[in-house]
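The block underneath contains the structure these notes are about, expressed in structure tokens.
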Amino acid sequence: MISKFTRSFLLSCIALLLIGSLFFLNPPIRIYHDAVNHAWFNEDGVDPSLQKPQPPPAPPQVEAGTVNGGVIMGKLGNETAKAELGRATWKLLHTMTLRFPETPTDDEREALRAYIHLTSRLYPCGECAEHFQKLLEEYPPQ
């Protein structure tokens with residue numbers, strides 16, 4: 001038979017385990033109030049559910065010259081970095097276009113077009129950026 005001490009020790013361990021698991025399963029909620037600007041914050045920053053609803057900001061207007069200008073960067077001399085950059089960029093572009101909506105809105109279509117043209121300007125390898133821009137002239141995004 002189990003002694004009184006062993007039984008109380010086991011019950012105490014089980015109770016501590018149950019109470020401890022409650023803290024791990026339901027961590028305490030921490031919300032803070034900023035007295036200066038009267039905003040509510042949680043651990044991730046401003047808590048949108050506690051803020052007054054704000055109208056959505058107007059999308060930034062991009063001038064045509066900004067999107068369709070010339071190459072900005074110079075030649076990238078390191079061939080290994082150039083190859084790695086190319087693989088990563090193609091993976092990004094392919095993933096982005098695969099996840100793009102089947103029937104995009106005009107705004108979404110324009111955003112992707114601007115992104116592709118800006119990528120051709122800001123690409124870190126100037127030589128590759130020039131080639132990318134020539135390809136865009138020959139085969140513009142549809």
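Brief remarks follow.
- Percent carbon-and-sulfur accessible area, region 61-121, ignoring ligands, DNA and RNA, probe 1.4 Å: 57 percent
- Pairwise label distance in nanometres, Leu98 with Lys82, each label 7 Å out on the Cα-Cβ vector: 2.8 nm
- Working from label points 7 Å from Cα in the Cα-to-Cβ sense, the Lys91 to Ser8 distance is 6.1 nm.
- The listed peptides 8-14, 101-107, 118-124, ordered by packing as a protection proxy, come out as 118-124, 8-14, 101-107 (highest mean of other Cβ atoms within 10 Å first).
The values are calculated or read from the model by the stated rules, or taken from the named source; none is laboratory data. Since the structure is predicted, the reported quantities are computational estimates derived from the model, not experimental observations. Virtual Cβ from ideal backbone geometry, glycine too; neighbours counted across all protein chains shown. What goes into the accessible areas is simple: the full protein's heavy atoms, side chains included, and nothing from ligands, DNA or RNA. Shrake-Rupley method; radii C 1.70, N 1.55, O 1.52, S 1.80 Å.
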